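Report on one structure; see the data block that follows.
Since every read-out is calculated from the coordinates, none of them should be taken as a lab result. Predicted model only: the values in this text are computed from it and were never measured. Here the Cβ positions follow ideal geometry from the backbone for every residue, glycine too, while neighbour counts run over all protein chains shown.
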Amino acid sequence: MSVIKKRKKTTVQSIVRMKSRSERIAVLTAYDYFTAQLLDEAGIDMILVGDSAANVIHGYSSTLPIGMDVMIAHTAAVARGNKRSLLIADMPFLSFQPSLEVAITNAGRFLKEGGAEAVKIEGGIEMVPTIKRVVEVGIPVMGHIGLTPQSIHRFGGPRVQGKGKKSRAYLMESALALEEAGCFSMVLELMEKDMAKDITTALKTCATIGIGAGPDCDGQVLVTNDILGLREPEFKPKFLREYANLPPIITDAAKRYIEDVRKGDYPSDDESFSKK
Ligand code: KIV
């Protein structure tokens, strides 16, 4: 008798367990139903509905313009396609910063209307009161420190973090405070690899998920469009590994379709309805 091992639903507890067992955690972003289905079937541990949707889906040059209603629509589409991965929704710019009440209401909307199982909140130690309250009402939180794209104008561009003594102290202090506040995981974005390693070692119950933070994090996250080549050609950060190059495939399919329509080769008789 063959034993088919069924993959169990990933929960917040499974992620914490994976950290304690030093099992690496794989995370990708998704914004739509079919991509979510494919990533889930491939076995991804967590799907993040990132506010990177602003860039890679809506064509904005930063993540700042995307709002709650659009993010909830993306999250709900992903939830319909996902079965087993842990589904995280990214709280967009100004959906949590104004007040604790606003943060709880919007985090709750992602669970109630979007079907998310956790939310991601950008920011360091200054976000502790917000994260604490959101966790207290029963919503799991993934933190996000290092380069936080919602503060891109303060950083003055995508600069690697953790270079000076002050920056390293702030990052470590933030990581420890966010774990203490109840984060079950934390994105470490664009920082020197030894900084990410030190944070990963210092955190006991909060799994670090790196992007541009070296190999010693508990897991890694990349933007799915980026690994498929669906990005601006000039966007090629050092940390990005491209696993497929879809643009020529899409262009070729579109060109062949256009040619067939123009030649009258599409649709054929077999592709048309008739009386008999
Ligand atoms: O919005 C996003 O996709 C993200 C990941 C890159 C971590 O925040």
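Maximal additional length on extending the residue 236-residue 265 stretch stands at 6.5 nm, based on 0.36 nm per residue less the C-alpha distance.
Looking at the square roots a ≥ b ≥ c of the eigenvalues of the Cα gyration tensor of region 1-50, which shape do they give, rounded for a/c under 1.5, prolate if a/b is larger than b/c, or oblate?
oblate
Considering helices alone, the calculated mean residue ellipticity of the chain at 222 nm is -12000 deg cm²/dmol, with DSSP H runs of length four and up weighted by -39500 (n - 2.57) and normalised per residue. Below 8 Å between Cα atoms, with a sequence gap of 6+, how large is the relative contact order for the chain in percent? About 16 percent, as a whole number. Relative to the compact globular guide of 2.2 N^0.38 Å, what is the alpha carbon radius of gyration of the chain, as a ratio? Its radius of gyration relative to the 2.2 N^0.38 Å reference: 1.11. Using Cβ point charges alone (K and R +1, D and E -1), the dipole size of region 12-77 about the Cα centre works out to roughly 360 debye.
Note on the chain: with a GNM built from Cα contacts shorter than 10 Å, the maximum mean-square fluctuation among 207, 30, 244 falls on 244. The lysines whose alpha-carbon is closer than 28 Å to the alpha-carbon of residue 255, local same-chain residues fewer than 8 away aside, are 236, 263. Once the gyration tensor of the Cα atoms in region 186-259 is diagonalised, the equivalent ellipsoid follows with semi-axes of 36, 11, 7 Å, ordered largest first. Between residue 13 and residue 113, residue separation times 0.36 nm minus the direct Cα-Cα distance comes to 33.7 nm. Subtracting the Cα-Cα distance of residue 125 and residue 275 from their residue separation scaled by 0.36 nm leaves 47.0 nm. Comparing 156, 20, 248 along the charge dipole axis of the chain, the residue lying farthest to the positive side is 20, per the Cβ-charge model.
Overall, region 12-244 carries a charge dipole of about 440 debye about its Cα centre when +1 sits on the Cβ of Lys and Arg and -1 on the Cβ of Asp and Glu, all other atoms neutral. Over region 86-176, the Kirkwood radius and the radius of gyration, each from Cα atoms, give a ratio Rg/Rh of 0.99.
For GluC sites (Glu not before Pro), the sites in region 60-165 that DSSP calls loop and that have at most 16 other Cβ atoms within 10 Å are 113.
Summarising the overall dimensions of region 136-254 from its C-alpha atoms, the Rg and Dmax are 16.3, 52 angstrom.
Under the criterion of Cα pairs below 8 Å and six or more residues apart, the relative contact order for region 95-184 equals 30 percent.
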